[in-house]
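This report refers to the structure that appears directly beneath it.
FYI, it's all coordinate maths here, none of it is from the lab. Because the structure is a prediction, the values reported are computed rather than measured. When we count neighbours, we look across all protein chains shown, and the Cβ atoms used for this are built from the backbone with ideal geometry, even at glycine.
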Amino acid sequence: MLSKEPNPGSKPFDPGFLLFATFVVSVCSIVYELIVGSLSSYLLGDSVLQFSRTIGLYLFAMGLGSYASKHFHSNLFDAFVMVEIAEGFAGGLSSLFLFLCFVYTDAYPLAMYLVTLTVGGLTGLEVPLLVRIFQESGQSLRRGLANLFAFDYLGGLLGSLLFPLALLPSLGYVAVAFFTGALNFAAAVGIIFRYRERVVRFQTLRTAACSGLVLLLVLTFVEKDLTRGLEGGLYRDQVLLTRRTPYQHVTLTRHKDDLRLFIDGNVQFSSLDEYRYHEALVHVPMTACPGASRVLLLGGGDGLAARELLKYPHIREITIVDIDEELVTLCRANPLIASLNQGALKDPRVRLVYEDAFVFLRENKKPYDVVIADLPDPNNESLNKLYTSAFYRLIRRNLTPGGVMATQSTSPYHTRDAFWCIYKTLAAEFPLVLPYHLYVPSFGDWGFNLALQTTGPPSLRLLEDISLSYLNRETFPSLFAFAKDERRDLSDLSVNTLFHPRLPRYYANSVQKW
């Protein structure tokens, strides 16, 4: 049985709801774009590259969709509703699809291109179809265009604000896509019923839109069960907890005696070998500044570096500056992590400050004897500022005259350019920089840099009365020896600055090889 033809003349056209629907679908469209860009940054790093690629492809696809709109000659309400149904499915399932491709295939970039082009193309169809609907309904084209673009741009503004401030923090990557897709379907359902006399395939489109709305609402409510399965694919071990803080995604796993903390999918520590990393990070700078009483720890919210520092009885104060209060609270309260850090975050000598490290250094007035930077790898531009010449200049300004600083510096083997870029950047601000490294089974060959304010060779000797599990006086000198394939000609590398962020590109290029 053929659907009946619409009868536009039976009821005056009221553009009000259509403008509201335009506002809603504009919110959805910008959220889909932000989902793809931020998810790609989260999984692949290099946020500037990922967002540039996403925005460029999205705009290109919008152009293709706008061009394709000329092939729709009749039944424009049906066409617009079908576009919204298709966009609801494509955008609503985008995060789940991309996560599955990342976990189970090597085709994530291709999947990202496909999603971006599909959603962008459908978005490009929307405005031309709406313009023609207004025109064929006898509306003033001048007024219709003004209202249409006003609601479209306002929706884009609201979506761009809601995504980072409310939707992503409260729902996470997968549920936010489900929820946004449900909004898309809700707009389609509203148009179908509000303008039912103008919709030719009323029953078919009603069934499709209502089914999509119910499906994505159900998926939104069961998202945690779905993502628990995805987490199991991402991590080889049992997932004990997973949580999204305002700044990062935190996952804790366990396999037998191996407790692992992941931040944004990257391992933060393994309980089986973290002592190697933290002994090198902490005790090397402490040997260079014997008798230090005030220590500043940038990052280190897991409390493991603080555990090592508390072995020195002459330390009176350890200030931990970590931007993520939820992560620090987890590492204080979780019995497994608290046991590993030996309750260091509850020690009275430890002062916790929840602030951006760059801001803290700029505002701090009282210098420290030792500054230790236990920060995430520089895999995006926001983290890059914590590895720039300006940042190291601030650290030097916050040191006492004989003070020293040390920083984790990625791997001199797997990310060689990044490691030596950090060294060169430090050397531009400190008179003497000593690179060193060791093997950590969970990370591989891992590097650090020790920066001093004097040019004379320091006396680096481990204290015999400090309890250590890896470092000893016999093997200590080997930390400063580098093999030929771990060294780099510094003339080919640039100093990393705020205005010329070279480090994320060095890091990303190396990671892609592995």
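Approximating the spin labels as points 7 Å out from Cα along Cα→Cβ, the residue 14-to-residue 154 distance works out to 1.8 nm.
Which label marks the calculated value of log10 I(q)/I(0) by the Debye sum over Cα atoms at q = 0.06, 0.07, 0.12, 0.13 Å⁻¹, given the options (i) -0.55, -0.63, -1.09, -1.21; (ii) -0.37, -0.49, -1.05, -1.17; (iii) -0.40, -0.53, -1.27, -1.42? Among (i) -0.55, -0.63, -1.09, -1.21; (ii) -0.37, -0.49, -1.05, -1.17; (iii) -0.40, -0.53, -1.27, -1.42, the one calculated here is (ii). For the cross-link pairs 346/385; 346/424; 346/366; 424/513, the ones whose C-alpha atoms lie over 26 Å apart are 346/385; 346/424. Quick check: the distance between the Cα centres of region 250-293 and region 423-461, to the nearest angstrom? What the calculation gives is 18 Å, centre to centre.
Under the definition of Cα pairs under 8 Å and six or more residues apart, what whole-number percent is the relative contact order of the chain?
Numbers: 872 pairs, mean separation 67.1, N = 514.
It comes to 13 percent, rounded to a whole number.
Considering only beta bridges that DSSP places wholly inside the chain, some 60 percent are antiparallel.
When peptides 277-290, 190-203 are ranked by their average number of other Cβ atoms within 10 Å per residue, the highest-first order is 277-290, 190-203. Each Lys and Arg Cβ is given +1 and each Asp and Glu Cβ -1; about its Cα centre, region 275-513 then shows a dipole of about 500 debye.
Computed from the Kirkwood radius of its Cα pairs, the Stokes-Einstein diffusion coefficient for region 8-230 at 4 °C and 1.567 mPa s stands at 73 µm²/s.
Using the rule -39500 (n - 2.57) for each DSSP H run of four or more residues, divided by the residues of the chain, the 222 nm mean residue ellipticity is -17000 deg cm²/dmol.
Estimated at 0.36 nm per residue, the fully extended path between residue 249 and residue 110 surpasses their Cα-Cα distance by 47.6 nm. Simple spin-label estimate for residue 339 and residue 166 gives 4.2 nm between the two label positions (7 Å along the Cα-to-Cβ direction from each Cα). Full extension of the chain segment joining residue 512 with residue 200 gains 107.2 nm, where the gain is 0.36 nm per residue of separation less the Cα-Cα distance. In terms of its C-alpha gyration tensor, region 275-513 has a rounded overall shape, because the principal axis ratio a/c (a ≥ b ≥ c, square roots of the eigenvalues) stays below 1.5.
Suppose R0 equals 45 Å. What FRET efficiency, 1/(1 + (r/R0)^6) with r the Cβ-Cβ distance, do residue 478 and residue 217 give to the nearest 0.05? For R0 = 45 Å, the calculated efficiency reads 0.15.
Set the Förster distance to 60 Å, then compute FRET efficiency between residue 317 and residue 64 from the Cβ-Cβ distance, nearest 0.05.
Details: r = 60 Å, r/R0 = 1.01.
Efficiency at R0 = 60 Å is approximately 0.50.
Does region 323-464 come out rounded, prolate or oblate by the C-alpha gyration tensor, with a ≥ b ≥ c the root eigenvalues, rounded set by a/c under 1.5 and, if not, prolate when a/b is larger than b/c and oblate if not? Taking the square roots of the gyration eigenvalues as a ≥ b ≥ c, region 323-464 is rounded.
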